[in-house]
Amino acid sequence: MTGTAILNLQPAEYARLTGNAPFMALVNGVFDSVPQGTQRPYVTLGEATEIPMREFANDGREVTRTFHIFDQDGAVVGGVAATGNKRGQTILNSLITVLESVPLTVEGFAVVDYVYEFGEPMPAEESDDVVYRHIVARFRATLEAA
């Protein structure tokens, strides 16, 4: 097999998240590129790394994917305004549950494992009296050629 698994993994991650109504009720979207004017909170599919795994005639890949959760104090979703990191951590918890609960279907690959590695709330940033929140979350996928 040649090529990158990232191209096949990202659509599977996106479809899983956007196809989950309870998750989508928490955010204003999941994006690769955020449309101008999008209100927070939202999630972006961020950086990815990939390592070829060629063991015992298997042509696999190990991929890490970083998701970014962006929020702001006072932003309203579902009629509820929030401050602090609690809503972002609720979104993170849902992100973990949605992505780990059932194996992803990735074209051209069998998913051996897909696990949450870490989450980290970044320091809040303030601009024009608005407090912005950002949580970074990383997952690791182990894939074998199908």
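Report those strands (runs of 3 or more DSSP E) wholly inside the stretch 75-146 carrying at least 2 residues which are more than 20 Å from the chain's Cα centre (by Cα).
Once the strands (runs of 3 or more DSSP E) in the stretch 75-146 are filtered for at least 2 residues that are more than 20 Å from the chain's Cα centre (by Cα), what remains is 125-127, 130-145.
When the stretch 115-139 is examined, which residues are found to be surrounded by 15 or more Cβ atoms within 10 Å (Cβ to Cβ), out of contact with any helix residue (DSSP H, G or I) (no Cβ under 6 Å at 6 or more places or on another chain) and charged (D, E, K, R)?
Listed by number, the list holds a single entry, 138.
On the basis of being touching a helix residue (DSSP H, G or I) at 6+ places or on another chain (Cβ under 7 Å), aromatic (Phe, Trp, Tyr), in contact (Cβ under 8 Å) with a residue 24 or more places away in the chain and surrounded by 14 or more Cβ atoms within 10 Å (Cβ to Cβ), does residue 70 make the cut? Write out each step before concluding.
Working: touching a helix residue (DSSP H, G or I) at 6+ places or on another chain (Cβ under 7 Å): no; aromatic (Phe, Trp, Tyr): yes; in contact (Cβ under 8 Å) with a residue 24 or more places away in the chain: yes; surrounded by 14 or more Cβ atoms within 10 Å (Cβ to Cβ): yes.
So residue 70 does not fit the description; no.
Six or more apart or on different chains, Cβ under 9 Å: which pairs go from a residue in the stretch 1-22 that's at pLDDT 95 or above to one that's part of a helix (DSSP H, G or I) and crowded, with 19+ Cβ neighbours inside 10 Å? Could you list them?
13/99; 16/23; 16/99; 17/23; 17/95; 17/99; 20/94; 22/94
Please go through the stretch 52-72 and give me each residue that is of a type in the set (Phe, Trp, Tyr) and assigned to a strand (DSSP E or B), ordered by number.
To start, the set of residues in the stretch 52-72 that are of a type in the set (Phe, Trp, Tyr) comprises 56, 67, 70.
Within the stretch 52-72, 67, 70 qualify.
The values are calculated or read from the model by the stated rules, or taken from the named source; none is laboratory data. All figures in this text were calculated on a predicted structure; none of them were measured in a lab. Heads up, the Cβs are rebuilt from the backbone with ideal geometry, glycines too, and the neighbour counts pull from every protein chain shown.
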